[in-house]
Amino acid sequence: MTEQEKEQIKSIIANFVEAKWYFPYMIDLEQHPMFWPIFKGLDKEKREWVEKIIDECIVEKINSYKTKWWELFRRYFEVNEDEFRKFRDMNCDDNFAQTREFQELWKKVESEMFRYEWILTERMLDQEKWLDKVVWSFYNIVYSFFPRMNLVNGD
């Protein structure tokens, strides 16, 4: 595919993220009311190419921001990249979110997110009036990569 096609795909991904607040999966693009004709009939090679572009957009986003909450999330990504990718892959399907494997990995990821939230809270104690907004922003980042993280059984 051409550089122009790549930029078009990146633009579609950026628009999706802006509208839905999370990075799309291939299935999201295939089911999108406006863009599905572009993605639905792709052969295996082109699907992999689009998935690679989605991954590039994710890594670019993680590395592009300099705020404290982005630094913490970037630290999580750098230290736990395999876990990040596995959990991200598991987040593509609502049904999969109810499996035991998802639940177990979710507990690990949640534990890490709580640890980073604690670090963020420690750094922000002097600026108490902004603390809620900062923690809220941190979890917006988390959900932008793991949109089904909140679909966990209460067991």
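The values are calculated or read from the model by the stated rules, or taken from the named source; none is laboratory data. Quick caveat: nothing in here was measured; it's all calculated off a predicted structure. Here the Cβ positions follow ideal geometry from the backbone for every residue, glycine too, while neighbour counts run over all protein chains shown. Note: areas computed on protein heavy atoms with side chains; ligands, DNA, RNA excluded. Shrake-Rupley method; radii C 1.70, N 1.55, O 1.52, S 1.80 Å.
Compared with the dominant Cα axis of the chain, that is its longest principal axis, helix 68-79 is turned about 70°.
Pick from GLU71, GLU83, GLU18 the residue whose mean-square fluctuation is largest in a GNM of the chain, springs joining Cα atoms under 10 Å. Between GLU71, GLU83, GLU18, it is GLU18 that shows the largest mean-square fluctuation. The Cβ shell under 13 Å around ILE12 holds other residues with a net charge of -2, Lys and Arg each +1, Asp and Glu each -1.
Given a 1.4 Å probe and every protein chain left where it sits, what share in percent of the accessible area of the stretch 23-139 is carbon and sulfur?
Reported share for carbon and sulfur atoms: 53 percent.
Using a/c under 1.5 as the rounded threshold, could you call the stretch 1-107 rounded, prolate or oblate? The axes a ≥ b ≥ c are square roots of the C-alpha gyration tensor eigenvalues, and prolate needs a/b larger than b/c, oblate otherwise. Walk me through the numbers before you get to the answer.
Details: a/c = 1.94, a/b = 1.27, b/c = 1.52.
It comes out oblate by the Cα gyration axes.
The residues of the stretch 15-155 have, on average, 61 Å² of accessible surface per residue, using a 1.4 Å probe with all protein chains present. Between the stretch 26-86 and the stretch 1-21, the alpha-carbon centres lie 11 Å apart. Highest mobility in the GNM of the chain, judged by mean-square fluctuation with C-alpha springs under 10 Å and restricted to ASP93, ASP43, ASP28, is found for ASP43. Relative to the dominant Cα principal axis of the chain, helix 44-64 is inclined by about 30°.
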